[in-house]
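The values are calculated or read from the model by the stated rules, or taken from the named source; none is laboratory data. These numbers were taken from a predicted model, which means no experiment stands behind them. Every residue, glycine among them, receives a Cβ derived from its backbone with ideal geometry; neighbour counts consider all protein chains shown.
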């Protein structure tokens with residue numbers, strides 16, 4: 001009888017703990033951000049890259065979760081691959097250009113792109129997150145949270161009506177990575193070369209995924225209205241070196 005009561009008390013305790021955790025997450029969005037980052041790092045520790053991940057003959061979509069793990073592993077192996085001090089204010093300015101519609105590069109006027117940037121911008125400007133980024137200076141944390149925020153924004157806006165949700169997220173994350181690259185170029189620091197190479201590799205694979213995104217006639221009409229996803233090729237950061 002005592003054992004039964006202990007079991008009931010234990011189950012009740014777990015239930016209360018779960019509810020309390022959900023309540024705290026709802027009240028403090030930064031807890032969800034921290035949880036996302038920690039879960040990603042734990043998953044990366046046991047991750048084994050696919051043998052065909054870098055095959056030039058690959059003709060399938062790269063899962064974005066695997067791409068982010070590959071990127072984190074690469075940064076972990078090279079401790080020099082950190083964002084420069086004082087990077088966030090510069091990135092913030094670049095993101096504000098996108099959100100306000102002042103960014104003239106192809107694709108950034110898309111309403112869904114701007115909304116994804118706005119969602120991430122809100123998280124990035126939270127004091128707790130800024131402190132963490134300023135301390136750790138990890139680009140993978142920024143990209144991971146942008147990916148999470150973009151996914152939520154696209155789901156909420158019913159964007160998958162017009163294209164595959166996963167491939168739209170790929171496209172949005174690629175364009176965010178491009179903004180990171182353009183911000184880093186302004187530093188002109190040779191010490192950032194390894195980080196730039198890893199970022200451009202990630203961007204190119206995400207843009208390769210974008211080539212699999214096929215639009216129906218109705219979707220093409222929507223894209224042609226100027227209100228949604230365009231079909232033109234997005235130049236990669238590597239194009240700037242050509």
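Observations on the structure shown:
- Condition broken by residue 17, with the remaining ones in (1) at pLDDT 75 or above; (2) more than 19 Å from residue 170 (Cα to Cα) satisfied: (1)
- The lone exception for residue 108 - which of (1) modelled with pLDDT under 85; (2) in contact with a helix residue (DSSP H, G or I) (Cβ under 9 Å, 6 or more places away or on another chain); (3) within 22 Å of residue 169 (Cα to Cα) it fails: (1)
- Residue pairs meeting the criteria (Cβ under 6 Å; at least 6 apart or on separate chains; first under 16 Å from residue 66 (Cα atoms), in the range 29-51; second assigned to a helix (DSSP H, G or I) and modelled with pLDDT of 80 or more): 36/148; 37/141; 40/144; 44/69; 44/72; 47/69; 49/70
- Only one of the numbered conditions (1) without any contact (Cβ under 8 Å) to a residue 24 or more places away in the chain; (2) assigned to a helix (DSSP H, G or I) is violated by residue 128, and that is (1).
- Residues being modelled with pLDDT of 90 or more, more than 15 Å from residue 177 (Cα to Cα), part of a loop (DSSP other than H, G, I, E, B) and in contact with a helix residue (DSSP H, G or I) (Cβ under 9 Å, 6 or more places away or on another chain) are represented in the range 114-125 by at least one member.
- Condition met for residue 113 (within 19 Å of residue 40 (Cα to Cα) and over 10 Å from the mean Cα position of the chain (by Cα)): no
- Restricting the range 32-89 to residues that are modelled with pLDDT of 80 or more, on the phi < 0 side of the Ramachandran plot and not in a helix (DSSP H, G or I), the residue that is surrounded by the fewest Cβ atoms within 10 Å (Cβ to Cβ) is 85.
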